[in-house]
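To start, the structure under review is shown below, and the notes come after it.
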Amino acid sequence: MQTDTIAAISTPLGEGGVSTVRISGDNAFQIAKKVFKPQSNKDLEKMKGYTAAFGKVYDGDELLDDAVALVFRNPKSYTGEDTVEISVHGGTHLIRRVLRAVTSAGARLAEGGEFTKRAFLNGKMSLTEAESVMNLISAKNDRALNIATKNKEGALSKKIKAMTDKLLFLVSQISVFSDFPEDETLCISEDDFLTSLKEILIGLNTLISDYDKGKLIIEGINTVIVGSPNAGKSTLMNLLSKTKRSIVTSIAGTTRDVVEQTAKVGDYILLLADTAGIHQTDDEVEQIGIEQALNRLDTADLCLAVFDTSVPPTEDDKALINRIKNKPTLLVLNKNDLLSSGGEYYEALDIPFVKISALTGEGEEKLVDEISKLLKLNELDPNAEMLINERQYQTVQRAVASVTEAISALEGGITLDAVGILIDDGLAALLELDGKRITTEVADEVFRNFCVGK
Ligand code: GDP
């Protein structure tokens, strides 16, 4: 298939060691030759794949910089097309000039994710592998990186393929049955048919139930810090985020609105929101802050409720407990370094707690363990295949709905050919999941969120 040749800056913009423009498509060599002149008499078009040439890069007659051109020959490149990568010294203006020279020489500016989209369309990677590239780039912790790497290596693809093959086999059995209903020689019995469907459903449901936990690891845990004024919320926020952004004073009510911060705590990313102390007040500004804090509580993945255990619990503290007891809450029993007079009250409640000193940092590791237990992140099998985005999740949900319906229909005595329609829907969802059968709209949507140059 004839494709136009695309180009983009494929390194981050800024000052650094090197910056690279990637050119991919049928005319990659001819275009690169117009801007890049090798020092030796090498001809880019005749160079072997995975070899490099040193030379100079020009915009017309104007010399821009020394450069290295790296050659990839179709199909052995990221996109599966002829590709040249021209690297120069790392500088924003310089690399933009190189890109301009390349587009003047005939390349079209690539759209976001277009290189990876071509890799997918040329069969270099499945759709879930392509999607994992984005997660590789944006991974902020080891666990997220591990999930992305495994998917990039095809772990999820393999699992989807195994389930797809099973469904395809069942569909083939149904068509044999429909074509020759009088010949009751199905390769598998109706019981085995049902068992197979149930096994597929278990596999799909595991993907669904792990998704929420995986999302917390990949995207971060939306965490709200609540507590009475002076409990130590800002000190805790500063401890976790290792900064001094929240204002810490001993005057109650200092944090009046929501202060946000991202913190890497253990191997988790906490998207922290430090809120106004929740308590009865006539101060209108404070009341707005308290309102915001309560709203945050409703949507948070995790609530860290901070209490000053050096003093007995107040009525406000008790009222707060009532508000949060049914949410995913960890009681943070703070000021553990002081003589305690209020800790026992909280410890007797049926809510997970951790004793810490936000001031000295004592108990921080335990806090991470407790968060992991509370959100069941410790139960996540590090080797399990995982869905990594909403598209994948929604598509698997569709497959779950169809397979569940097919099982109930079979159990309810519906004939195999009627059940076949439901199984076809499940199969269509799985084929879409890994891009085996996909509309251009879905493909465009997947790659729209990629950065330019990837
Ligand atoms: P907030 O109103 O809940 O945000 O409370 P702050 O973080 O501003 O803390 C109120 C006061 O308690 C400050 O003087 C802090 O230094 C102090 N404080 C916070 N955490 C601790 C702790 O663990 N131990 C001790 N001794 N003091 C603390």
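The values are calculated or read from the model by the stated rules, or taken from the named source; none is laboratory data. If you're wondering where the values come from, they're calculated on a predicted model, not measured in any experiment. Here the Cβ positions follow ideal geometry from the backbone for every residue, glycine too, while neighbour counts run over all protein chains shown. In case anyone asks, the SASA skips ligands and DNA or RNA and just uses the protein heavy atoms, side chains included. Shrake-Rupley method; radii C 1.70, N 1.55, O 1.52, S 1.80 Å.
Identify, please: which residue in segment 1-27 is free of Cβ contacts under 8 Å to residues at least 40 places away in the same chain and over 28 Å from the mean Cα position of the chain (by Cα) and is, among those, least open to solvent (accessible area, probe 1.4 Å)?
GLN2
Test LYS355 against the stated conditions and say whether it is under 24 Å from ARG143 (Cα atoms), open to solvent by 20 Å² or more (accessible area, probe 1.4 Å) and either in the same structural domain as ASP210 (by TED's automatic domain parsing) or among the basic types (Lys, Arg) (or both).
no
In segment 305-320, what count of residues is obtained for those that are in a helix (DSSP H, G or I) and over 14 Å from ALA293 (Cα atoms)?
5
Given the conditions (1) part of a loop (DSSP other than H, G, I, E, B); (2) at pLDDT 95 or above, and given that ASP350 satisfies all but one, which numbered condition is not satisfied?
(2)
Against the condition of a type outside the set (Phe, Trp, Tyr) and crowded, with 16+ Cβ neighbours inside 10 Å, how does VAL442 come out, does it pass?
Against the criterion (of a type outside the set (Phe, Trp, Tyr) and crowded, with 16+ Cβ neighbours inside 10 Å), VAL442 does not qualify.
Hey, any hits in segment 220-241 for a residue that's more than 19 Å from LEU333 (Cβ to Cβ), modelled with pLDDT of 90 or more, of a type outside the set (D, E, K, R) and in a loop (DSSP other than H, G, I, E, B)?
Yes, the conditions are met somewhere in segment 220-241.
Can you name the number of the only condition in (1) in contact with a Ser or Thr (Cβ under 6 Å, 6 or more places away or on another chain); (2) more than 21 Å from CYS451 (Cβ to Cβ) that ALA67 fails?
Just one mismatch for ALA67, condition (1).
Among the residues of segment 354-388, what is the count of those that are part of a loop (DSSP other than H, G, I, E, B) and more than 16 Å from the ligand (Cβ to nearest atom)?
11
For segment 389-454, please list each of the helices (runs of 4 or more DSSP H) lying entirely inside it that holds at least 3 residues being at positive phi and under 26 Å from the mean Cα position of the chain (by Cα).
none
So the check is Cβ under 6 Å with 6+ separation or different chains; which pairs have a first residue in segment 220-238 that's at positive phi and a second one that's within 8 Å of the ligand (Cβ to nearest atom) and part of a loop (DSSP other than H, G, I, E, B)?
Final answer for the pair search is ASN230/ALA252; GLY232/ALA358.
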